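Working notes, structure below.
The values are calculated or read from the model by the stated rules, or taken from the named source; none is laboratory data. Only a predicted model underlies this, so the values are computations on that prediction, with no experimental measurement involved. Here the Cβ positions follow ideal geometry from the backbone for every residue, glycine too, while neighbour counts run over all protein chains shown. Ligands, DNA and RNA are stripped out before the accessible areas are found, and what is left, the full protein with its side chains, is counted by its heavy atoms. Shrake-Rupley method; radii C 1.70, N 1.55, O 1.52, S 1.80 Å.
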Amino acid sequence: FVENVPKNDELKSATMHKLGCLLAYKKRHAEALPLLTGALEKRKYLYDTKSKFLFESSWAVAATSHSLGNSATALKEYGSLLEKINKIDDLPVDSVVIHNSAGKLFFDDGKIEKAIKAFKEALKSSESSRNMSSSLKADIRLNLANSLSAKGDIVASLKMYDEVLAMDSIQGTKEYYLTLYNQSLTVLKDGDLEETKLLLGEIIASRSKSAKGFKGNAYITLGNIALSEGNTNDALQHFESALKIFSNDPEELASGTQAKKSM
């Protein structure tokens, strides 16, 4: 039993929020956003700034806007969430998820320092959590490694990539080969061509289905290295291998264009 019947606006905003969240969960983000935005606007008048209901609405709008590519709205709402995150008791959304998601948005928007700060906060919180999934922990570390690499902090980024690759939970997964590929690009940036070749060779030699989506790009990178070294025959073979992979995989046609341009 309830002691007080909720007001009509409270019920309406709660219903709009729940329906919007369900639509977003079903990947129907364009339908979800108007409902979530409407719920957020109503809750701004119903609750104070420290309300968990207002917080969860801001999170829903931020996440859905990000999924739709509306960076301006997403940045605004994530900024609000990060300002309030330590001021609200009983957070309705895990702070690790918020920091990691905000970091991804900052990274995509070119705000590398903000991204690094967000990922470090996410990593710190995740390490003290017993219930955090290993896949999320790996994702945070990979995001932080990518951000450190983008900043030019090669040593720190390579250390973080190694931590991800050593995690049992991602062995043989797409995340493993994505990490390996990104690490190879960072090593290449540092000028170590031989180590880069070894890392790319591991991707190409793998029989795992999870490595399939990275072999074409690995061949392209090897082709570019061969060209830089004046090995035109090796470069030709690498680019031909890349183009063969892309031609046989419709999902890789965009990357296939890159291979053609390189040739």
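Numbers for the structure displayed
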read-out	value
Looking only at region 22-39, and only at residues there that are among the aliphatic types (A, V, I, L, M) and over 23 Å from the mean Cα position of the chain (by Cα), the one that is most open to solvent (accessible area, probe 1.4 Å)	L35
Matching residues in region 143-177 - criterion: being in contact with a Phe, Trp or Tyr (Cβ under 8 Å, 6 or more places away or on another chain), among the hydrophobic types (A, V, I, L, M, F, W, C) and within 22 Å of K111 (Cβ to Cβ)	L144, A145, A150
The one condition in (1) farther than 30 Å from S133 by Cα; (2) hydrophobic (A, V, I, L, M, F, W, C); (3) open to solvent by 80 Å² or more (accessible area, probe 1.4 Å) that L19 fails to fulfil	(1)
Residue list for region 47-86, filter: open to solvent by 60 Å² or more (accessible area, probe 1.4 Å), aliphatic (A, V, I, L, M) and not in a loop (DSSP other than H, G, I, E, B)	A72
Test: residue in region 69-81 that is of a type in the set (V, I, T), under 28 Å from the mean Cα position of the chain (by Cα) and either at pLDDT 90 or above or within 18 Å of A102 (Cβ to Cβ) (or both)	yes
Positions within region 114-160 being in a loop (DSSP other than H, G, I, E, B), loosely packed, with under 13 Cβ neighbours inside 10 Å and over 17 Å from the mean Cα position of the chain (by Cα), in sequence order	S128, R130, N131, G152
Test set (1) more than 30 Å from F246 (Cβ to Cβ); (2) assigned to a helix (DSSP H, G or I); (3) not polar (S, T, N, Q) - L198 fails condition number	(1)
Residues (without any contact (Cβ under 8 Å) to a residue 24 or more places away in the chain and acidic (D, E)) located in region 122-147	E127
Cβ pairs under 7 Å, 6+ apart, first in region 93-105 and within 15 Å of S133 (Cα to Cα), second outside any helix (DSSP H, G or I) and open to solvent by 30 Å² or more (accessible area, probe 1.4 Å)	V96/S129
L188 being open to solvent by 50 Å² or more (accessible area, probe 1.4 Å) and assigned to a helix (DSSP H, G or I)	yes
Residue list for region 191-214, filter: modelled with pLDDT of 95 or more, charged (D, E, K, R) and surrounded by 14 or more Cβ atoms within 10 Å (Cβ to Cβ)	D192, E195, K197, E202
